[in-house]
Amino acid sequence: MKNYLLSLSLPLLLIALQSNSIAMESQSSSSPNKNVSSSPQKGFYAVTGKLVQEQINLVARIEKAMLAADPNRMRVVRGQLFHQFKLVEGFLNRYRRNSGNQNCKSKIESKGDSFSSLLSASESQQQIYCGLYAYNQGLVKLVPVLDRLLSRRGESAMVRKLPLVSGERVFHPVLSLSSVQTPSLHKQAIPFATLEPRLVLPLHQTIGSQVKKSLANYNQPIQPAIAQPPETLAIFDIIKNNLNLAKNAFPSSHQFQDPRKTDAALNSFAYDIDPQEPQTYAKFLKIPSTGIFRVLHRRTFQRRLNHLQNRLGKDVIKSSTESISNISQGHLHRERLLFPTLNKSKSGFISILPLQLVNDVPSNPNSAYNFGILGKGIDYSFMIDVGDISLESLDGDLKNISPDVKNFILGYQPPTLLNDLQIDKRRFFTGKYSNQDNSLQISATAPAKLNHTYLARTFQFQLPDAIAFSGCKPIIACGEIISESQRRYLDQILEIQSSDIVIAFRPVRRRSDGSYTVLWRVVKQFENPIIRDLEKYIKY
């Protein structure tokens, strides 16, 4: 009996000792109050510097969580806010007792720059102290906002259970051994609309007719649209000003890390060209209407299955008009980097180069890559690999190109009827378009080869709202209804903007992730194409 009780009490004793040791280590490593209590002035900048850096990181995390659809991120920053508030409050109380009566409230309310009334501390230390005090007062104003947002996030995803910091044992109903679960703040929340099928998304859309779906009666779940609450803008301004007040009082040798700059550097490393590449091709880039950018794979722009995403948030790459991103699904996004701008009309319409890498066989991720210019709506293009020809030698007449290729690229006439235009678009995407004597097979994509030059002709259209309504399927059914009073202005309502441009691009570097660094040049610009039968697609 004694051995049986000992066998039961021994594991509990070990767990208690382990928890106490973890708690002691956590207190000694994370609490700045212990260092300050032993010597208030010694190591002041080291302790407060760590506090200020933690608050800078916390503000950046809170701003990200407010725009994220994952409720776990909101729950995490809510807990971190409470922890950081108590940490700063404890430091302020301990330092006030050791350094005298520090009345920051009156100084902040009077917006005074002098802190001479604070005793037993230098002016810079007084400024840091009052900056942290004012920061803490503003931080608590975010608590009710985060609580409200967390409850709203829980409507779209299941909040994961978070074990204790020291871990929790999970007892199995059959097995005698029990595993210990530790908390992980990196796990994504489980959306309520789960088990999305892995479908091959179309490379183009059809306007004016129903399109057969890959899976009958299936509609993709609509991702939430999340914007930062307006009432938090003023709160964040005050919090950041107070943090800057504290940061500016530190010696110049003390450097703080800005999480936004770190994110920008990581995004540039993942999606942008290397900083030295524009210098390498500086001579070519001096030519008018040229540029350099990084071509990414199509899957980079697609949302992961069963993964929540703010459809108003920032994606990887955007057009200059902020109207193209997730091309296959037609959502509007604001993204981090830019597609190259080819031309900007007087009316403000911007032509871009949405060049991407697509798989030769979409079902096989290891298949060869093709270049493809994937536009929105009725935008389309075709391209031809013309071999190892320098971009500098090309001109508007394409004198260095074979006659068949030159005649087709320069002689192709886009249809003026919407249905015929979409037929041509599908034929180019399926590779079933050929010239008159069938000597060329023209496609919207071409195999990606390093140091080859490609000629592409791209057509882009901005349809009126009466025809195109973003995100609607079919788009026609969602167009605006034209009233009788508006029919007199039908010509203005149906006015479109468009572009027809011949470009040449050349991949000059291939990275280990499969992306390419590409040089491009505008070779020729034609008259803007028109569509003559838009009136038949509007609703009265």
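Descriptive notes on the structure:
- Applying the Karplus relation 6.51 cos²θ - 1.76 cosθ + 1.60 with θ = phi - 60° to the range 286-293 yields 3J(HN,Hα) values of 6, 5, x, 6, 10, x, 9, 7 Hz, where x marks Gly and Pro.
- Mean Cβ count within 10 Å, highest first, over the residues of peptides 396-403, 65-72, 244-251: 65-72, 244-251, 396-403
- Label sites at Ser214 and Asn528, each approximated as a point 7 angstrom past Cα along Cα to Cβ, lie 3.5 nm apart.
- Nitroxide proxy distance, nm - points 7 Å out along Cα→Cβ at Leu67 and Ser439: 5.3 nm
- Of Lys346/Lys449; Lys283/Lys449; Lys141/Lys247; Lys406/Lys432, those spanning more than 29 Å from alpha-carbon to alpha-carbon: Lys346/Lys449
- Gain in span if fully extended, Asn343 to Glu168, counting 0.36 nm per residue against the direct Cα distance: 57.0 nm
- Efficiency of FRET from Cβ geometry, Lys406 and Gln257, R₀ 51 Å, rounded to 0.05: 0.40
- Exceeding the 24 Å Cα-Cα cut-off - candidates Lys50/Lys240; Lys376/Lys399; Lys286/Lys524: Lys376/Lys399
- For the range 239-288, size of Cβ-based charge dipole, Lys and Arg +1, Asp and Glu -1, in debye: 220 debye
- Listed peptides 46-58, 143-155, 520-532 by packing density, highest first (mean Cβ within 10 Å): 46-58, 520-532, 143-155
Bear in mind that the values in this text are calculations on the coordinates, not laboratory data. The structure displayed is predicted, hence computed values, not measured ones. Don't worry about glycine lacking a Cβ; one is built from the backbone with ideal geometry, like all the others, and counts go over all protein chains shown.
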